[in-house]
1. What number goes with the only condition from (1) in contact with a helix residue (DSSP H, G or I) (Cβ under 6 Å, 6 or more places away or on another chain); (2) closer than 26 Å to residue 88 by Cβ; (3) buried (at least 20 other Cβ atoms within 10 Å of the Cβ) that residue 188 does not pass?
2. Residues that are touching a residue at least 24 places away in the same chain (Cβ under 8 Å) and under 22 Å from residue 82 (Cβ atoms): which helices (runs of 4 or more DSSP H) entirely in segment 182-292 hold 3 or more of them?
3. Would you call residue 83 within 14 Å of ligand 1 (Cβ to nearest atom), within 16 Å of the chain's Cα centre (by Cα) and farther than 16 Å from residue 133 by Cα?
4. Going by the conditions given, is residue 56 within 16 Å of ligand 2 (Cβ to nearest atom), more than 20 Å from residue 255 (Cβ to Cβ) and in contact (Cβ under 8 Å) with a residue 40 or more places away in the chain?
5. Only one residue in 100, 87, 94, 75 is surrounded by 15 or more Cβ atoms within 10 Å (Cβ to Cβ), under 21 Å from residue 10 (Cα atoms), away from ligand 2 (no atom under 16 Å from the Cβ) and at pLDDT 95 or above. Which one?
6. I need a count of the residues in segment 10-28 that are within 11 Å of ligand 2 (Cβ to nearest atom) and either closer than 19 Å to residue 113 by Cβ or surrounded by fewer than 18 Cβ atoms within 10 Å (Cβ to Cβ) (or both).
7. If you go through segment 122-166, how many residues are more than 18 Å from residue 54 (Cβ to Cβ) and either free of Cβ contacts under 8 Å to residues at least 12 places away in the same chain or surrounded by fewer than 24 Cβ atoms within 10 Å (Cβ to Cβ) (or both)?
8. Within 20 Å of residue 288 (Cβ to Cβ), more than 9 Å from ligand 1 (Cβ to nearest atom) and touching a residue at least 40 places away in the same chain (Cβ under 8 Å), is that true of residue 99?
Ligand SMILES: C[S@@+](CC[C@H](N)C(=O)[O-])C[C@H]1O[C@@H](n2cnc3c(N)ncnc32)[C@H](O)[C@@H]1O
Ligand SMILES: [Zn+2]
């Protein structure tokens, strides 16, 4: 893994147009060796060898190494590719080409990297250093596969509740199954900027729930969707498809990505562990908002 080089042309655009120091809120420059961000007051944030930059004052928290590894393995096999395609289509329709995107709670960067492949510049923020590390590695693999020399992503350890970003800098914020902080997304978005929030559709993973629960229920929609204070809801677009998770490892990875992982009985877990394949519906609701 090559060390992060922040002198790269496209990541410089992200740094200059978007980033502010989390301590003093001043803009950043790049150190001569390309490894660190240094603000005008002299606060220094090392990019290090991981390929991501940590922009939190107190680190820690978010998804564990194991959770990140499981999600990377599952998503990397393309099970959720139709949802990623649907997200990219929404962004292509609504966001100016080459626009600046924030993936808030980006995890291991599966969606960020797909969006970057569509020509967007993407700043990914996740509170988990394991997620940011994995996302940066994925970005590098994607660049190598495309023979791209410039980086159109920058991944960071940062909280969605306190993004190290300028007011009104972003054309779009995407939030895929991560905590939603509407006030902060409103702050960083340009006027008329687009917010895309993904939520589990009512029958998302229904057949998985039928295995683990005696009484499988339909999902309610997420409770933390933005109110009308800052955003106008333009559309809710659903992406539904079926997948067959094949093998115990993929089923376990999928299960560990869900909130049910923490609230399933031993019996329910045992029933799922006995499955060799699992055919289930996947349903993403994309709530599409415009910044007022
Ligand atoms: C369910 S995962 C979704 C990851 C990714 N968006 C995806 O769909 O693959 C939720 C992510 O939110 C991150 N997260 C939780 N709290 C956060 C916070 N306050 N700020 C930034 N990220 C956070 C977790 O570390 C985790 O990677
Ligand atoms: Zn500073």
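The values are calculated or read from the model by the stated rules, or taken from the named source; none is laboratory data. For clarity, every value in this text was computed on a predicted model and none was experimentally measured. Every residue, glycine among them, receives a Cβ derived from its backbone with ideal geometry; neighbour counts consider all protein chains shown.
1. Here residue 188 meets the rest and fails (1).
2. Filter on segment 182-292 gives 206-212, 248-256.
3. yes
4. Spelling it out, residue 56 is indeed within 16 Å of ligand 2 (Cβ to nearest atom), more than 20 Å from residue 255 (Cβ to Cβ) and in contact (Cβ under 8 Å) with a residue 40 or more places away in the chain.
5. That would be 100, the only listed residue that is surrounded by 15 or more Cβ atoms within 10 Å (Cβ to Cβ), under 21 Å from residue 10 (Cα atoms), away from ligand 2 (no atom under 16 Å from the Cβ) and at pLDDT 95 or above.
6. 5
7. Pass one, segment 122-166, residues more than 18 Å from residue 54 (Cβ to Cβ): 141-150, 152, 166.
Next, from what is left, pick out any that are either free of Cβ contacts under 8 Å to residues at least 12 places away in the same chain or surrounded by fewer than 24 Cβ atoms within 10 Å (Cβ to Cβ) (or both): 141-150, 166.
Adding up the residues that qualify gives 11.
8. It is true that residue 99 is within 20 Å of residue 288 (Cβ to Cβ), more than 9 Å from ligand 1 (Cβ to nearest atom) and touching a residue at least 40 places away in the same chain (Cβ under 8 Å).
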